[in-house]
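The values are calculated or read from the model by the stated rules, or taken from the named source; none is laboratory data. What you see is a predicted model; the values in this text were computed from it and never measured. To get the accessible areas, we keep the full protein, side chains included, count just its heavy atoms, and leave off ligands, DNA and RNA. Shrake-Rupley method; radii C 1.70, N 1.55, O 1.52, S 1.80 Å.
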Amino acid sequence: MDKSKEEGFAKRGLSAKIRQAERRGADWLEKSTRHYNRRTWRILLAIFIMLGGAVSGLLLIGGLTGELEKAFSLERITRTISSPPAENEGANRDQLTKAEFDRLVEYKAFLDSLQKSPEARVRYLKIVSRHPGIPDSLGRIIKYYQSQIKNR
């Protein structure tokens, strides 16, 4: 059998299962609400509208006053979820070691050298497309730590 026909059968089978589940859900809802009269439906509709309006109003007011920003706490990601916890994870590292600083400077020089030749520029563009803003970030980090070194 042709592969496209097999995929077509699978898609039709899946859509039939989805329609069957929708039908069962609709039948259950119809059976459950069959005894509701017109007055009950209006009361339910009014409650739904009032709840929707209240939630929308709270979101609108919270957005205008800035209270929603306090509702969510955002924390900087310092390590990947899958990485094991470090021994000194609670310690704040404000300083780079000399080796780390030298590696950053070397990498910045490497990126700058890639921009000089047309063949290497392709590699530079690939790096920058995967890590946008890396040249600027490296420059800022290097300037920050150079100023820290000067202030010592």
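Karplus-derived 3J(HN,Hα) values for region 18-24, using 6.51 cos²θ - 1.76 cosθ + 1.60 with θ = phi - 60°, are 5, 4, 5, 5, 4, 5, 4 Hz; glycine and proline are entered as x. Protein heavy-atom accessible surface, 1.4 Å probe, per residue over region 7-67: 92 Å². Shown for region 90-152: the carbon plus sulfur share of the solvent-accessible area, taken with all protein chains present and a 1.4 angstrom probe, equals 54%.
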